[in-house]
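The values are calculated or read from the model by the stated rules, or taken from the named source; none is laboratory data. Since the model is a prediction, treat every value here as computed from it, not as a measurement. Note: ideal-geometry Cβ built from the backbone for every residue, glycine included; neighbour counts use all protein chains shown. For the accessible areas, the whole protein counts, side chains as well, though only heavy atoms, and no ligand, DNA or RNA atoms are used. Shrake-Rupley method; radii C 1.70, N 1.55, O 1.52, S 1.80 Å.
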Amino acid sequence: MLSFKYIWEHLKRLLPTLGAAVAIIAIIGLALTWRPEIDPMTHIALAVLVMLPVLLALASVAYLISRFLRELYNIKTLEGAFSFLSRLLFGPWSFGPYLKIAAGKVELGEGSVLHRVGGPGFLVVYHDSAVITEKNGKLYRVLGSGFRRLERFEKVWEIVDLRPQHWVFAVKGMTREGIPVTCQADISFKIDDRVPNDFGILQPKQPTAKAPHPYTDEAVFRAATSRWVRDPDWEKAPMDWTGRVVVGFVEGTLRNILAEYRLDWLIAPTGVDTKHPREVIRKRL
């Protein structure tokens, strides 16, 4: 997809650099080959011959840099490496390349140069996802839904799924007298979307057509950076924010609550006017 905006921005960088260099070389070539007795066409041909080695040297520099970038970033083709070099120097001249971000993951463009190395390039972020980017080894910014432009070497660091999460899992614990018990935990949770009102009280954002899954940048940033590695020999993937909610909060809290009750309290029937311990546990949890 072409855009006059991107083409114009590309030319604004290209012409003052490469265009100016070619113009200076052409002027020098014309000056060196000027003779009053030769006709203009011969003069231009001689100037081109003088310019040719310099132009070949410029092309060789671009070729060598492209080969270096190909080896450095493991780019599949030399053409892809040259395209990356062109974007770095002069910016993209069209809407591309781009990554499609949806359902909390990269759905299109995973493993590409833009994904592995970074921009310049673009993101197409769906309403159900938020992106945390990295630039120069530092976490850079949070990007929401829409068409987003990545700066030089800015790349996707983490993606957070904004959709409500629903988990059902077994929790093993012990009663007050030390008897092992297992119960099912059924929980729903999502990224925090509360912001303070005029009185400083946290109020949830209301979903809209453009933002059906509201959130706050702070909550997304905290979720993306809340990873756990249990010990140095941990072979599994680091625990992400959903695992921390389930394992770190729900499972641990439920085990502590179960340890307060004896087994007969959990399974014995109650009177009409008395709440069952499991109802109390559910409310506390």
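What relative contact order, as a whole-number percentage, does the chain give when Cα pairs under 8 Å and 6 or more residues apart are counted? Taking the mean separation of contacting Cα pairs over the length of the chain, I get 11 percent. Rg and Dmax of the stretch 3-75, based on Cα coordinates, read 16.9, 55 Å. Normalised by residue number, the volume inside the convex hull of the Cα atoms of the stretch 9-150 is 127 Å³ per residue.
Under the criterion of Cα pairs below 8 Å and six or more residues apart, the relative contact order for the stretch 70-174 equals 23 percent. Of all lysines in the structure, the ones whose alpha carbon falls short of 22 Å from that of residue 210, not counting any fewer than 8 places away in one chain, are 100, 105, 190. Residues considered: 15, 202, 114. Largest GNM mean-square fluctuation over the chain, using C-alpha springs under 10 Å, is found at 202. Comparing 196, 169, 224 along the charge dipole axis of the stretch 165-249, the residue lying farthest to the positive side is 169, per the Cβ-charge model. Taking the Cα centre of the stretch 177-267 as origin and assigning +1 to Lys and Arg Cβ atoms and -1 to Asp and Glu Cβ atoms, the resulting dipole is close to 280 debye. The separation of the stretch 53-82 from the stretch 210-226, counted between C-alpha centres, amounts to 40 Å. When only alpha carbons are used to place a centre, the stretch 25-44 and the stretch 115-142 end up 51 Å from one another. Subtracting the Cα-Cα distance of residue 21 and residue 52 from 0.36 nm times their residue separation leaves 9.8 nm of extension gain. Near residue 173, once Lys and Arg are set to +1 and Asp and Glu to -1 for all other residues with Cβ below 9 Å from its Cβ, the sum equals +1.
Counting only protein heavy atoms and a 1.4 Å probe, the chain has 65 square angstrom of accessible area per residue.
Projecting the Cα atoms of 113, 130, 145 onto the charge dipole of the stretch 100-158, computed from C-beta unit charges around the Cα centre, puts 113 farthest toward the positive end.
Across the stretch 45-101, how large is the tail of the calculated P(r) beyond 16 Å, expressed as a percent of all Cα pairs? Looking at the stretch 45-101, the distances longer than 16 Å represent 56 percent of pairs.
Here the Debye sum runs over all C-alpha atoms of the chain as equal scatterers in vacuum, and log10 of I(q)/I(0) at q = 0.08 Å⁻¹ comes out as -0.59.
Would you calculate the volume per residue, in Å³, of the smallest convex hull containing every Cα atom of the stretch 102-166?
77
Charge dipole (Cα centre; +1 on Lys/Arg Cβ, -1 on Asp/Glu Cβ; no other charges) of the stretch 70-121 amounts to roughly 40 debye. Looking only at 148, 176, 194, which one moves most when the chain is put into a Gaussian network model with springs between Cα atoms under 10 Å? Greatest mean-square fluctuation among the candidates belongs to 176. Taking other residues whose beta carbon is less than 12 angstrom from the beta carbon of residue 264, and scoring Lys, Arg as +1 and Asp, Glu as -1, yields +1.
Summing +1 for each Lys or Arg and -1 for each Asp or Glu, what net charge is found among the other residues whose Cβ lies under 13 Å from the Cβ of residue 96?
Within the 13 Å Cβ shell, the charges total +3.
When the Cα positions of 36, 84, 187 are compared along the charge dipole of the chain, 187 comes out farthest toward the positive end, with charges on each C-beta of Lys, Arg, Asp and Glu.
Each Lys and Arg Cβ is given +1 and each Asp and Glu Cβ -1; about its Cα centre, the chain then shows a dipole of about 160 debye.
Springs join every pair of Cα atoms under 10 Å in this Gaussian network model of the chain, and among 130, 102, 26 the largest mean-square fluctuation is at 26.
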